[in-house]
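Student: Starting off with a structure, shown below.
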Amino acid sequence: MNRVARSIFLFGLYIALLGLLLTTVPGLVIGPFGFEQPREPWIRVLGVVVFVLGCYYVQAARQDVTPFFGWTIWGRCLVLVGFTLLVAGGLVAPALIIFGVIDAAGAAWTALEIRASRK
């Protein structure tokens, strides 16, 4: 597995684990960020979707689906933008931005690895 694929693979593992935790113990994930314990099932539904998304990342890395690697860069940066807008609108706690920063950092890592692989 090359370095670009490894960045996608590890990010996929992170996303899949986050999805599993949101599905099974959502309060454990969101509680430390000041969010209330979820009472409705939507956070668990989102957890399933996030888990599947993580699986896509892992499989794309394993199969070296190079176009996918580039697509993820702008998508992961949009997560930070979206979370920042939700915080700015007063809809969520500011701590949510931490997840966006993790996504953007992963995107930057992938972008740097793509650039290095072209040299």
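The values are calculated or read from the model by the stated rules, or taken from the named source; none is laboratory data. A quick note: this is a predicted structure, and the numbers were derived from the prediction, not measured. Cβ atoms come from the backbone with ideal geometry, glycine included; neighbour counts cover every protein chain shown. Accessible surface is based on the protein model in full, side chains and every heavy atom, while ligands, DNA and RNA are left aside. Shrake-Rupley method; radii C 1.70, N 1.55, O 1.52, S 1.80 Å.
Student: Where does each of Glu113, Glu40 land when they are ordered by accessible area, with a 1.4 Å probe and the largest first?
Tutor: So, going from the largest accessible area down, we get Glu40, Glu113.
Student: If you don't mind, there's one more thing I want to ask. If each of Ser117 and Leu85 carries a label point 7 Å out from its Cα toward its Cβ, how far apart are those two points in nm?
Tutor: According to this spin-label approximation, the distance is 3.0 nm.
Student: Out of the total accessible area of segment 19-113 (probe 1.4 Å, heavy atoms of protein only), what percent is carbon and sulfur?
Tutor: 75
Student: Let me ask something additional. When the chain is fully extended, how far beyond the present Cα-Cα distance does Trp71 get from Phe33, taking 0.36 nm per residue of separation?
Tutor: Result for the pair: 10.8 nm of gain on full extension.
Student: Ok, one more. Pull out the extension gain between Arg6 and Leu78, defined as 0.36 nm times the separation in residues minus the alpha carbon to alpha carbon distance; nm, one decimal.
Tutor: 23.8 nm
Student: Okay, next question. Starting from segment 1-105, pick out the trypsin sites (Lys or Arg not before Pro) whose DSSP state is loop and whose Cβ has at most 11 other Cβ atoms within 10 Å.
Tutor: Those satisfying the criteria are Arg39.
Student: Next question. Just the accessible area per residue of the chain, please: how many Å² with a 1.4 Å probe?
Tutor: With all protein chains present, the chain gives 61 Å² per residue.
Student: Can you give me the distance in nm between label points at Tyr14 and Tyr56, each placed 7 Å from the Cα along the Cα-to-Cβ direction?
Tutor: Each label point is offset 7 Å from its Cα along the Cβ direction, giving 1.8 nm.
Student: Which value, to two decimals, describes the C-alpha radius of gyration of the chain once divided by 2.2 N^0.38 Å?
Tutor: Compactness ratio reported: 1.12.
Student: Enter the accessible area of Cys77 (Å², nearest 10), with the probe set to 1.4 Å and all protein chains included.
Tutor: Estimated to the nearest 10 Å², Cys77 gives 60 Å².
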